[in-house]
Amino acid sequence: MASWDLLITDARIATMRRDVAGFGIIENGAIGIRDGVIDWVGDATEATQQPARATLSLGGQWITPALIDCHTHLVFGGDRAAEFEQRLAGASYEDIARAGGGILSTVRATRAASADELFEAALPRLDALIASGVTTIEIKSGYGLDVDTEIRMLEVARRLGDASGVTVVTTLLAAHAVPPEFSGNADGWIDVACNELIPAAAERGLADAVDAYCESIAFDRQQVARVFDAAREHGLPVRLHADQLSDGDGAALAAGYSALSADHLEYSSNAGIKAMADAGTAAVLLPGAFLTLHETQQPPVAACREHGVPMAIATDCNPGTSPMTSVREAMALACRLFRMTPEECLAGTTREAALALRLDDLGMISAGMRADIAAWDIEHPRDLSYWLGRNPLTHLFKSGRSVSLTAA
Ligand code: DI6
Ligand code: FE
């Protein structure tokens, strides 16, 4: 019998298995890890038969799958704290965007930053996310809006993954805003995105997917469809910022392209959610943006439940609408703002987030899955959504290896 590299024992485990209700709990659990993979999981009394090179006894602490942040804009230059103050004084997000601020102000700062500067600025944000229990993160481009800067952002995202050891999934957010050079000519930028940017990113293996912002202040359905057609031509799956500020029928548009996910969805119709269910498109709900924009339109949680659309939760970490660097904060907010259950919130940052990123070997504690594991000093897994502030994370493993918690 081959020995395990690590045996974690005396743990309570929330496996988050899809086929077991109520967090999939194992009360007196143990996990045997070999070659970065969960080789065995079960009752601790049965685990002692097998030799292990190292043992970690958790004294009854809880284990969950390591958390996954499946929607971020982690790489950007500058910040928008002054805009935050303007909005508190009454200016709307759309007004600021139309006046050339908003996303375009971050575009100016991002273009002016070198790759090293973007990397250095993103690193503390990544450290903070890791300290919240994250070992997998999606990072979008979209603040370059010219070919060179978009490529630079994706390269920085890849570099963040290499440097930190966490899994980074990259998304080319080509159609985020109309670049200043194309003011009044959004279709001109879509031409560049389709004919130059998507091919360049695809050829260099820099993008795992393509995203777009379908909104009255951004791109319309026809423009998004052109971007998605180009993505498809280059073999890249798509996801969509859909129906955040108005119902643009984005959910159905995403479903029509079998998108991996449709994100935000506050204004999506029941028909849109039904279309997502039929297409296997996951919902990604983003309570940080909802809170920051003082949104009142609730995302369609009930419709997602009714139609069986998997609900992921993410930080949407970005300088404009969601300056948030903790996935646990996103879970806590999703409970309070969207009345999701703590179980849905933990599923939303583990197995459903893995599904939204199509990472089949992550997001659950079961044999054959990658050993991405978080340990917590809590009384019950619902505490992860209940408490605000205190960070109960005690151990974090990426593929069976301990991740250092520099920002903890
Ligand atoms: N995600 C986005 O891409 C936009 N809103 C959102 O939730 C804009 C982000 C920004 O204002 O920079
Ligand atoms: Fe976003």
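Key figures
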quantity	calculated
Residue that is nearest to ligand 2 (Cβ to nearest atom), among those in the range 185-226 that are of a type in the set (G, A, S) and modelled with pLDDT under 95	A218
Checklist (1) at pLDDT 95 or above; (2) among the β-branched types (V, I, T); (3) within 16 Å of ligand 1 (Cβ to nearest atom) applied to T167, failing item	(3)
Scan of the range 322-339 for residues that are over 16 Å from T350 (Cα atoms) and assigned to a loop (DSSP other than H, G, I, E, B), ordered by number	P323, M324, T325, R339
Only listed residue being out of contact with any Phe, Trp or Tyr (no Cβ under 9 Å at 6 or more places or on another chain) and either surrounded by 12 or more Cβ atoms within 10 Å (Cβ to Cβ) or modelled with pLDDT under 95 (or both), chosen from G32, G60, G77	G60
Identity of the residue in the range 180-199, without any contact (Cβ under 8 Å) to a residue 12 or more places away in the chain and in contact with a helix residue (DSSP H, G or I) (Cβ under 8 Å, 6 or more places away or on another chain), that ends up farthest from ligand 1 (Cβ to nearest atom)	G188
Tally of residues being of a type in the set (S, T, N, Q) and touching a Lys or Arg at 6+ places or on another chain (Cβ under 8 Å) across the range 32-87	2
Selected residue [among the charged types (D, E, K, R), in a loop (DSSP other than H, G, I, E, B) and over 25 Å from D39 (Cα atoms)] from D360, D316	D316
Single residue of A177, A254, A230 found to be outside any strand (DSSP E or B) and away from ligand 1 (no atom under 16 Å from the Cβ)	A230
From G288, G348, G320, residue being away from ligand 2 (no atom under 14 Å from the Cβ) and at pLDDT 95 or above	G348
Residue list for the range 180-190, restricted to those being assigned to a helix (DSSP H, G or I) and either among the small types (G, A, S) or touching a Phe, Trp or Tyr at 6+ places or on another chain (Cβ under 9 Å) (or both)	E181, F182, A186, G188, W189, I190
Number of the exception - T281 against (1) crowded, with 21+ Cβ neighbours inside 10 Å; (2) under 18 Å from T321 (Cβ atoms); (3) polar (S, T, N, Q)	(2)
Of residues in the range 68-85 being β-branched (V, I, T) and more than 12 Å from ligand 2 (Cβ to nearest atom), the one nearest to the chain's Cα centre (by Cα)	I68
Exclusive hit being aliphatic (A, V, I, L, M) and free of Cβ contacts under 8 Å to residues at least 60 places away in the same chain, set A356, A334, A371, A312	A334
Some residue of the range 396-408 being of a type in the set (F, W, Y) and under 16 Å from G24 (Cβ atoms)	no
Residue match in the range 211-218 (condition: surrounded by fewer than 19 Cβ atoms within 10 Å (Cβ to Cβ) and hydrophobic (A, V, I, L, M, F, W, C))	yes
Flag if T149 is under 17 Å from the mean Cα position of the chain (by Cα) and of a type outside the set (D, E, K, R)	no
Residues of the range 233-251 satisfying the condition of being small (G, A, S), within 14 Å of ligand 2 (Cβ to nearest atom) and in a loop (DSSP other than H, G, I, E, B)	none
Identity of the residue in the range 284-319, closer than 12 Å to Q244 by Cα and buried (at least 24 other Cβ atoms within 10 Å of the Cβ), that ends up farthest from ligand 1 (Cβ to nearest atom)	P300
Residue pairs meeting the criteria (Cβ under 8 Å; at least 6 apart or on separate chains; first loosely packed, with under 15 Cβ neighbours inside 10 Å, in the range 10-23; second of a type outside the set (A, V, I, L, M))	G22/E343
Residue check, D95 more than 28 Å from I137 (Cα to Cα), of a type in the set (D, E, K, R) and within 16 Å of ligand 1 (Cβ to nearest atom)	yes
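The values are calculated or read from the model by the stated rules, or taken from the named source; none is laboratory data. Not measured: the values here are computed from a predicted model. Positions of Cβ are backbone-derived with ideal geometry, glycine not excepted, and every protein chain shown enters the neighbour counts.
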